[in-house]
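S.K.: Before anything else, here's the structure in question.
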């Protein structure tokens, strides 16, 4: 709760600095504010405090995920000065919107009432719609914003309709009350509740970018400014999946039968569509969009197998996915800056002149592909173990086949970097600042891979 | 603690090499470390034979921190494979005298690979095993993709895809078996061995494991990556692949298929024995017709490892013992063969057999050593392969007489391709490229010392290894 207040205040201060056209203090304020929020967020550990009639629940689940979200945003901001170097104006609007989106995502992981879920999602989404179009004079960016807004508001409509039906059936929007109702009526579920749950699930599936509601993702990811894509692909996705997990585990865990099959089909479709489509992409940014879809599918597995340790597994998976994705996007931003293209060819021979960036990218790619001993493997392995422990063997086999396919497209940039000759004439020289940040991300990834057990057993 | 040293020493050394601080001395450093590692392995061998076994086991419960339990231990089979690895890696490192490939990363990758291989051969926990198994793939992939010859990208990616498909199949099997272990579930080998699976469960488990191992070994229908990868890889890469890495697959058969799916193996391993047998003959026949020396080695290797796999799946203790011994012998022999190949290629610049000839008169020392290696590959009595192949055929004979008879043919075919190649390369009139063939230098002779010693040591006095294996096989 304090984290949300802090971040909101920081966002307003940022806007204020923008209004008086001061550029210098903007980012330091954001860094300090986010670090402070990160610490304040951890204060309530193991206390499970409820706020406003159980509207907002600060339990270990939400604290852990909020920690991940705040930290990820901090990483995104660390890369912001490099990405926005050519821009002269203070950019207070973009920073403030990212912070407001973060507030929305923090609410999403901690909601105790369906209305709060909706408020969180809308806070996140509305900010993201604007951010997607924040490159005002770029038609692709405008297209992305428009597509995202139209499809996204449609999905929000579904979600709201679903919430209404759930309320109609159970008489409450409180997760705990819905759970009681569900347990009482386990024998014969009213159709209204089943349909309501399905509609909510559709809305959530859209937000995490899972099939069959994933069509917006590639275009929006490709068109948005890369830094915003990074934010969308990490914070947006993790917040949505955490919210979905919370909804399912706290209200509908007892009635697996009414949603398990649907979600399993969604997950299978997501994994296959994501991986198979990424297979054919020559545009690396687009490839990451499909890779993000595929990872949404893997994270859905954690929702399906939501008993036992699945929350911890989801936490580990989110961490491994976000850090690897941010690192990869950071290298992508650098490559794009120098070569002017997102094509896979832009990576040719990168290792020769930029061994550090190439190394970080390699670690990120191998981690996303789930190659041991990196954290991506630990995450996938835990996910599969917890799913298989509850009898989801066919689902896990599909997921493993998906991982198999993914190795090919994740290894392509690696091969381009190490084994192909540079296509351009000039060497890419990165500023010393950037080197530190990329190294930081790579080191984090390796460190995380050393102690995955800690996070799995955390919540 | 010896076991930790075995794993940590090459890992640390490879990390030091990756920093690039050693510059020109990278090769010497790598060589010294690998020799030290061999020393440590000898100590482990001494401890295994004469002292108590306690120091060879390590079990740490790190579930909270690492999410896996670390269980490592060395038994007779592991020890033999560790010996093979630590013996060959110094030879492989020292054999590199290609200036273009004299790169600190190259040696770092070789040592990293050594660490992963030792990990594979010692792990007693499924996930740990799987981690090492995958880790071993990355260095060899990079070695091929970066320092390989023509078409290296396409071929190394093909190799990668093949092995990844196999290992994921294995992962599925591992996860499935995990769910069958009694609660609380465990990934330790012991828990897996105590499963008494019904036949209907053993079949899919067998298929998944067999796919992974058959690709790695490689066995007949899954071998199409092999010849190309050997051909395109730098010689050191080929040595690692043929000498040590393909033993991972065979080792996997010993560790998983034999104890977990005994009924499938007893029932003749489904339809796979005839398929492997076909691969054995097929490899041998192609080897006869192969114009390029390196590709020929690849097909010879395909044929030889097929025999080893037949021995392992013969469901007979002679066959299994012979196969394990032959795993060691084949590693030594094939690396010896690649050494000879490298010497010929460096001196003449070609490996097309018909372009060579008359080397024996120019280089008598080389001719002698090459002949020993060739005869060891043909499985002449008193060389190491004889013992292994004899036992394998004996075992096969007792389990399935038809397969044994056809497999016996390979000894004849082996003599045909080996001696024919040797005759064409070493005798006859000298050709343009072989007239100025220098004989071996002292450094090169030294490279052959460990190879020749192990050829004769195992060939003349195999019983000390076999005794060790007998208890392990039972």
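The values are calculated or read from the model by the stated rules, or taken from the named source; none is laboratory data. Just so it is clear, the structure is predicted and the values come from calculations on it, not from any experiment. In this analysis, Cβ positions are derived from the backbone assuming ideal geometry, glycine residues included, and neighbour counts consider all displayed protein chains.
S.K.: Just one of the numbered conditions (1) without any contact (Cβ under 8 Å) to a residue 24 or more places away in the chain; (2) touching a strand residue (DSSP E or B) at 6+ places or on another chain (Cβ under 9 Å) is not true of residue A:126; which one?
M.R.: That leaves (2) as the condition not met.
S.K.: May I ask you to say which residue of A:395, A:383 is away from chain B (no Cβ under 11 Å), modelled with pLDDT of 85 or more and buried (at least 20 other Cβ atoms within 10 Å of the Cβ)? I'd like the intermediate steps shown before the answer.
M.R.: Working: A:383 fails: away from chain B (no Cβ under 11 Å).
Unique residue meeting the criteria: A:395.
S.K.: Go through (1) at pLDDT 85 or above; (2) surrounded by fewer than 15 Cβ atoms within 10 Å (Cβ to Cβ); (3) farther than 19 Å from residue B:88 by Cβ for residue B:460 and report which single condition fails.
M.R.: Of (1) at pLDDT 85 or above; (2) surrounded by fewer than 15 Cβ atoms within 10 Å (Cβ to Cβ); (3) farther than 19 Å from residue B:88 by Cβ, only one is false for residue B:460: (1).
S.K.: I'd like to check which helices (runs of 4 or more DSSP H) are fully inside segment B:74-158 and have at least 3 residues that are closer than 30 Å to residue B:259 by Cβ, away from chain A (no Cβ under 11 Å) and in contact with a helix residue (DSSP H, G or I) (Cβ under 8 Å, 6 or more places away or on another chain).
M.R.: On the way: elements: B:76-94, B:104-122, B:126-147.
Because the criterion is at least 3 residues that are closer than 30 Å to residue B:259 by Cβ, away from chain A (no Cβ under 11 Å) and in contact with a helix residue (DSSP H, G or I) (Cβ under 8 Å, 6 or more places away or on another chain), the helices (runs of 4 or more DSSP H) in segment B:74-158 that meet it are B:76-94, B:104-122.
S.K.: Which numbered condition in (1) at the interface with another protein chain (Cβ under 9 Å from one of its Cβ atoms); (2) under 23 Å from the mean Cα position of the chain (by Cα) is the only one that residue A:438 fails?
M.R.: Exception for residue A:438: condition (1).
S.K.: Let me ask something else. Quick check on segment B:291-311. Is at least one of its residues farther than 30 Å from residue B:149 by Cβ and either at pLDDT 90 or above or buried (at least 24 other Cβ atoms within 10 Å of the Cβ) (or both)? Walk me through it before giving the result.
M.R.: First, the residues of segment B:291-311 that are farther than 30 Å from residue B:149 by Cβ: B:310-311.
Still in the running and either at pLDDT 90 or above or buried (at least 24 other Cβ atoms within 10 Å of the Cβ) (or both): B:310-311.
Taking every residue of segment B:291-311 in turn, at least one turns out to be farther than 30 Å from residue B:149 by Cβ and either at pLDDT 90 or above or buried (at least 24 other Cβ atoms within 10 Å of the Cβ) (or both).
S.K.: Among (1) farther than 21 Å from residue B:110 by Cα; (2) more than 10 Å from chain A (Cβ to nearest Cβ); (3) under 25 Å from the mean Cα position of the chain (by Cα), where does residue B:182 come up short?
M.R.: Failing condition for residue B:182: (3).
S.K.: Give the number of residues within segment A:364-376 that are within 11 Å of another protein chain (Cβ to nearest Cβ) and either in contact (Cβ under 8 Å) with a residue 40 or more places away in the chain or over 22 Å from the mean Cα position of the chain (by Cα) (or both).
M.R.: Taking segment A:364-376 as the starting set, the residues that turn out to be within 11 Å of another protein chain (Cβ to nearest Cβ) are A:366, A:369-375.
Remaining after also requiring either in contact (Cβ under 8 Å) with a residue 40 or more places away in the chain or over 22 Å from the mean Cα position of the chain (by Cα) (or both): A:366, A:369, A:372-375.
Number of matching residues: 6.
S.K.: If you check residue A:4 against the conditions, is it surrounded by 19 or more Cβ atoms within 10 Å (Cβ to Cβ) and more than 30 Å from residue A:88 (Cβ to Cβ)? Working first, answer last.
M.R.: On the way: surrounded by 19 or more Cβ atoms within 10 Å (Cβ to Cβ): yes; more than 30 Å from residue A:88 (Cβ to Cβ): yes.
So residue A:4 passes the test.
S.K.: Given the criterion modelled with pLDDT under 85 and either buried (at least 24 other Cβ atoms within 10 Å of the Cβ) or within 12 Å of chain B (Cβ to nearest Cβ) (or both), identify the matching residue among A:350, A:314. Spell out the reasoning first.
M.R.: Details: A:314 fails: modelled with pLDDT under 85.
After applying the criteria, what remains is A:350.
S.K.: Of all the residues that make up segment B:389-408, how many are more than 23 Å from the chain's Cα centre (by Cα) and either under 16 Å from residue B:379 (Cα atoms) or free of Cβ contacts under 8 Å to residues at least 60 places away in the same chain (or both)? Working first, answer last.
M.R.: So the first thing to find is which residues in segment B:389-408 are more than 23 Å from the chain's Cα centre (by Cα), and the list is B:397-406.
Now drop any that are not either under 16 Å from residue B:379 (Cα atoms) or free of Cβ contacts under 8 Å to residues at least 60 places away in the same chain (or both), which leaves B:397, B:401-402, B:404-405.
Going through segment B:389-408 one residue at a time, the tally reaches 5.
S.K.: Can you tell me how many residues within segment A:21-61 are over 26 Å from residue A:79 (Cβ atoms) and touching a helix residue (DSSP H, G or I) at 6+ places or on another chain (Cβ under 8 Å)? Lay out the reasoning, then the answer.
M.R.: Quick first cut of segment A:21-61, residues over 26 Å from residue A:79 (Cβ atoms) only: A:43-61.
Retained after the next criterion (residues that are touching a helix residue (DSSP H, G or I) at 6+ places or on another chain (Cβ under 8 Å)): A:43-46, A:48, A:54-56, A:61.
Residues meeting the conditions: 9.
S.K.: Scan segment B:187-201 residue by residue and report those that are in a loop (DSSP other than H, G, I, E, B), in contact (Cβ under 8 Å) with a residue 60 or more places away in the chain and within 20 Å of residue B:57 (Cα to Cα).
M.R.: B:187
S.K.: Here is a follow-up. All but one of (1) within 27 Å of residue B:91 (Cα to Cα); (2) touching a helix residue (DSSP H, G or I) at 6+ places or on another chain (Cβ under 6 Å); (3) touching a residue at least 40 places away in the same chain (Cβ under 8 Å); (4) surrounded by 15 or more Cβ atoms within 10 Å (Cβ to Cβ) hold for residue B:444; state the number of the condition that does not hold.
M.R.: (2)
S.K.: Looking at (1) at pLDDT below 90; (2) farther than 20 Å from residue A:374 by Cα, find the lone condition where residue A:330 falls short.
M.R.: (2)
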